[in-house]
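Asker: Have a look at the structure that comes next, please.
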Amino acid sequence: APPPVRGCGVTGTLPPSNEQVGVKWLQGIPALDGLVATTVPAALEDWADTGFVTVGGAGGTPHMYLPVQGPVLSLHFWAYAENSARPPWGKAFDLYSHVRHDAYGVLDYAHIGRLLTGFPAQYTNARALTVNILGEPERRPGDPGDFAEYVANFHFDWTPVP
């Protein structure tokens with residue numbers, strides 16, 4: 001058996017990364033299933049009709065004494081319109097709205113504390129304790145590829161679950 005991981009209270013496996021937890025939490029929102037990763041798929045046709053959400057670290061503070069992570073994750077809401085020079089801003093904003101308003105989203109208080117599973121074998125499960133929006137989404141214009149992009153930062157509190 002592998003040795004215990006020091007300092008995280010979990011025996012035999014590693015806790016997932018903050019980005020992995022963010023991706024799993026977002027994938028739990030039904031409208032975003034299959035539309036979330038840490039990078040945008042290279043094949044535009046795979047997501048031109050739906051848009052896509054990417055997750056990246058933007059800071060945060062872990063709890064000093066408990067195994068609770070407190071990352072700020074930057075969520076990027078992407079949309080692309082094939083055969084058009086006009087960025088589809090509405091489609092990109094709709095992805096943000098799903099995160100904020102839909103079932104299993106930020107404002108769905110009935111599902112706070114969701115268990116997140118399905119990580120690669122070396123990682124534990126995780127429990128998302130709270131997710132909060134830290135500001136209004138910002139439009140990022142000027143992309144030469146005519147992509148629409150909104151960015152918003154979210155604070156996640158989560159803990160590894162053995």
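The values are calculated or read from the model by the stated rules, or taken from the named source; none is laboratory data. Just so it is clear, the structure is predicted and the values come from calculations on it, not from any experiment. Heads up, the Cβs are rebuilt from the backbone with ideal geometry, glycines too, and the neighbour counts pull from every protein chain shown. Just the protein is used for accessible areas: all its heavy atoms, side chains included, with ligands, DNA and RNA removed. Shrake-Rupley method; radii C 1.70, N 1.55, O 1.52, S 1.80 Å.
Asker: In whole Hz, with x marking every Gly and Pro, tabulate ³J(HN,Hα) for the stretch 30-37 from phi via Karplus 6.51 cos²θ - 1.76 cosθ + 1.60, θ = phi - 60°.
Answerer: Those phi angles translate into x, 5, 9, 4, x, 10, 9, 6 Hz.
Asker: Next question, about the same structure. For the chain, with a Gaussian network of springs between Cα atoms less than 10 Å apart, report the residue from Tyr96, Tyr109, Tyr65 with the top mean-square fluctuation.
Answerer: Tyr65
Asker: Solvent-accessible area per residue for the stretch 25-162 at a 1.4 Å probe radius, Å²?
Answerer: With all protein chains present, the stretch 25-162 gives 51 Å² per residue.
Asker: Could you tell me the distance between the Cα centroids of the stretch 38-82 and the stretch 96-162, to the nearest Å?
Answerer: Using only Cα atoms, the two centres lie 8 Å from each other.
Asker: Next up: Suppose accessible area is computed on protein heavy atoms with a 1.4 Å probe; arrange Val40, Val131 from highest to lowest.
Answerer: Order by accessible area, largest first: Val40, Val131.
Asker: Using a 1.4 angstrom probe on the protein heavy atoms only, line up Ile112, Ile29, Ile133 by accessible area, largest first. Don't jump to the answer; show the numbers that get you there.
Answerer: On the way: Ile112 95, Ile29 0, Ile133 45 Å².
Of Ile112, Ile29, Ile133, the descending order of accessible area is Ile112, Ile133, Ile29.
Asker: Taking +1 at the Cβ of each Lys and Arg and -1 at the Cβ of each Asp and Glu, which of Ser84, His155, Thr13 sits farthest along the dipole of the chain towards its positive end, judged by Cα position relative to the Cα centre?
Answerer: About the Cα centre, the residue reaching furthest to the positive side is Thr13.
Asker: Taking the Cα atoms only, what angle lies between the long axis of helix 89-101 and the longest principal axis of the chain, rounded to 10 degrees?
Answerer: Once rounded, the angle reads 30 degrees.
Asker: Quick one: pull the percent of accessible area on the stretch 1-153 belonging to carbon and sulfur, 1.4 Å probe, ligands and nucleic acids left out.
Answerer: After summing per-atom areas, the C and S share lands at 53 percent.
Asker: Could you work out how far apart the two model spin labels at Gln122 and Ala58 are, taking each label as a point 7 Å from the Cα in the direction of the beta carbon, and quote it in nm?
Answerer: About 2.9 nm separates the two model spin labels.
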